[in-house]
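This is the structure I have questions about; it appears just below.
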Amino acid sequence: MIRGIAGATIFTLCTALLLVLSAEAAECPQKAAATPACGKLRHVVVFKFKDGTPPEKVQEIADAFAALPEKIDSIVDFEWGLNNSPEGHDQGFTHVFLVTFDDAAGREKYLPHPAHKAFVNLLRPHLEKVFVVDYFVK
């Protein structure tokens, strides 16, 4: 009898797990793929400023970027810092920003957002180069 109850319990748990996984797959069919197209999304942005950009302007730009999470609710996490790598491969890029969204829909809301566009307009005259990489968290 214990074996029958244990077997039924295991069957029930397995069935419940399959239902959860099926619901998750329906919500995000790419989850099984090697590169999921949903889930937490990181947006990595690295700046190289034009020579002669005053340090005060660079700080104003960094502060403006750091203020975006208060203005755009699809940003769920944000951090930034200055390059301090001793390897010498930075090619003049100095400022790194990491913006996290719950999913691709969050990024889609962020990119055209008026606060993001205003930030880009503040940045553009002082930007030598930008490097952007987005990836889904595994």
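The values are calculated or read from the model by the stated rules, or taken from the named source; none is laboratory data. A quick note: this is a predicted structure, and the numbers were derived from the prediction, not measured. All Cβ positions, even for glycine, are placed from backbone atoms using ideal geometry, and neighbour counts span all protein chains on display.
Conditions tested, residue by residue: (1) of a type in the set (D, E); (2) under 19 Å from V99 (Cβ atoms); (3) buried (at least 17 other Cβ atoms within 10 Å of the Cβ).
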{"position": "F47", "(1), (2), (3)": "no, yes, yes"}
{"position": "D51", "(1), (2), (3)": "yes, no, no"}
{"position": "K57", "(1), (2), (3)": "no, no, no"}
{"position": "A66", "(1), (2), (3)": "no, yes, no"}
{"position": "E70", "(1), (2), (3)": "yes, yes, no"}
{"position": "D73", "(1), (2), (3)": "yes, yes, no"}
{"position": "E79", "(1), (2), (3)": "yes, yes, no"}
{"position": "N84", "(1), (2), (3)": "no, no, no"}
{"position": "E87", "(1), (2), (3)": "yes, no, no"}
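Please work out which one of (1) modelled with pLDDT of 95 or more; (2) out of contact with any Cys (no Cβ under 7 Å at 6 or more places or on another chain) is the condition D103 fails and give its number.
Tallying (1) modelled with pLDDT of 95 or more; (2) out of contact with any Cys (no Cβ under 7 Å at 6 or more places or on another chain), D103 fails exactly one: (2).
Moving on to the next point. Of everything in segment 86-132, what is more than 12 Å from the chain's Cα centre (by Cα) and aromatic (F, W, Y)? Give them in sequence order.
F93, F119, F131
Another question about this same structure. State which residue pairs qualify: first residue in contact (Cβ under 8 Å) with a residue 60 or more places away in the chain and not assigned by TED's automatic domain parsing to the domain that holds K48 and inside segment 118-138, second residue among the polar types (S, T, N, Q) and surrounded by 12 or more Cβ atoms within 10 Å (Cβ to Cβ) in any location, beta carbons under 7 Å apart, and separation of 6 or more residues or different chains.
none
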